[in-house]
1. Sorted by average packing, counted as other Cβ atoms within 10 angstrom per residue and highest first, what order do 214-221, 273-280, 196-203 take?
2. Based only on other Cβ atoms within 10 Å, what is the fewest-to-most ordering of 83, 172, 10?
3. For an R0 of 35 angstrom, estimate the FRET efficiency from the Cβ-Cβ distance between residue 41 and residue 69 and round to the nearest 0.05.
4. Listing 15, 230 from the residue with the fewest other Cβ atoms within 10 Å to the one with the most, what is the order?
5. In nanometres, what is the gap between the two model label sites at residue 48 and residue 217, each 7 Å from Cα along Cα-to-Cβ?
6. So if each residue of separation counts as 0.36 nm, and I subtract the Cα-Cα distance between residue 275 and residue 239, what length gain in nm does that give?
7. What is the packing order of peptides 293-302, 252-261, taking the mean over residues of other C-beta atoms within 10 Å and listing the highest first?
8. Of all DSSP beta bridges in the chain, what percent run antiparallel (nearest 5)?
Ligand SMILES: Cc1cc2nc3c(=O)[nH]c(=O)nc-3n(C[C@H](O)[C@H](O)[C@H](O)COP(=O)(O)OP(=O)(O)OC[C@H]3O[C@@H](n4cnc5c(N)ncnc54)[C@H](O)[C@@H]3O)c2cc1C
């Protein structure tokens, strides 16, 4: 199978490139280059620019704002976004609750939430994981007991990213304990301003605050906020968790990191920091990473091509997730190694500036730490390997 892009696809790539050159605000781009934490306002600003162009929720059905792009177009778009140092929109809005509501939402839910979700007029968080229910999500215990036209919620979620900013949560709650643990789970939407909700921060190893514990104490949620049917939330959750194959490996991001490493390599070679032998060792390491990245890219293109022909292996997304996140982590290891003590200065604003300047080095250590999470969330890599073993290797 030929893996080259067609002339139309290359023209599309030029269109995306031109748009990003014009539309991406310089300060956001610089924040991305410098690995600075994007705040809520940054994400909202960028998603609204994309939404105005019709490119915020491209994979949603066309009637709700999607673009009906081919898998190759999606791949090109994601790749160009990363290479241009463009932030991603809110994954909770764009990749999770939006597609779920398009498929399972009532007319009222679609009317109330979809346009606002695409434009981030509503900021969503995901209330799935609980203490003791992460990989084994179906063991969740937070209960929702029917009382008239409401459910009454009691229990706790954990690791809820961005809950401190969220207007609404989509989550899984237990409405029945009698059958198999996958049964009796209900998918609910809840307004975070409802009395009885407490959000408590979890400080992560990079010193950031993205994750939270969320407690529910007699929280009343109208029955109209069930998505799908009561007790059938597991099916809705599976639809949500079935991540998109194209883009899950975030190869564009790793390529952009590699180009930064190349800048650093040239600088270290030029200023005599490294001996000739050390230069050779570094060149070897970077070549090794580049080859692996290229192989991963070809694997991803093969998945894209198979998708376009309606085929493809079920475990492809798991393979891309495992290898893609390993590569993302490998990049942070190399940057940290090369940065040396400079990587420990959390953020040195005086060094920021030039296009591919090395000011981003100051964020090497916190970035190394924060990227440990990519092999845990979205289904841990060990669990992905179980899926590969079962569905591909028949073990
Ligand atoms: C930074 C961060 C942000 C997150 N954001 C959110 C969020 O917004 N919303 C949300 O709902 N959740 C979120 N999560 C939770 C995330 O989905 C879970 O952490 C993840 O599913 C793992 O669950 P756990 O932490 O309970 O670990 P466990 O499931 O207890 O796993 C512990 C270890 O055992 C391994 N393991 C578990 N089961 C198996 C198995 N069957 N075979 C082999 N190995 C196994 C795991 O790979 C892991 O290494 C976030 C997590 C992190 C770290």
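Laboratory data are not the source of any read-out in this text; all were calculated from the coordinates shown. On a predicted model such as this, the values are computed, not experimentally measured, just so you know. Please note: Cβ atoms are built from the backbone with ideal geometry, for glycine as well, and neighbour counts cover all protein chains shown.
1. The densest-packed peptide leads the list: 214-221, 196-203, 273-280.
2. 10, 83, 172
3. Efficiency at R0 = 35 Å is approximately 0.80.
4. By the 10 Å Cβ count, ascending, the order reads 15, 230.
5. According to this spin-label approximation, the distance is 3.5 nm.
6. Extending this stretch completely gives an extra 7.6 nm.
7. For the peptides 293-302, 252-261, the packing ranking is 252-261, 293-302.
8. 85
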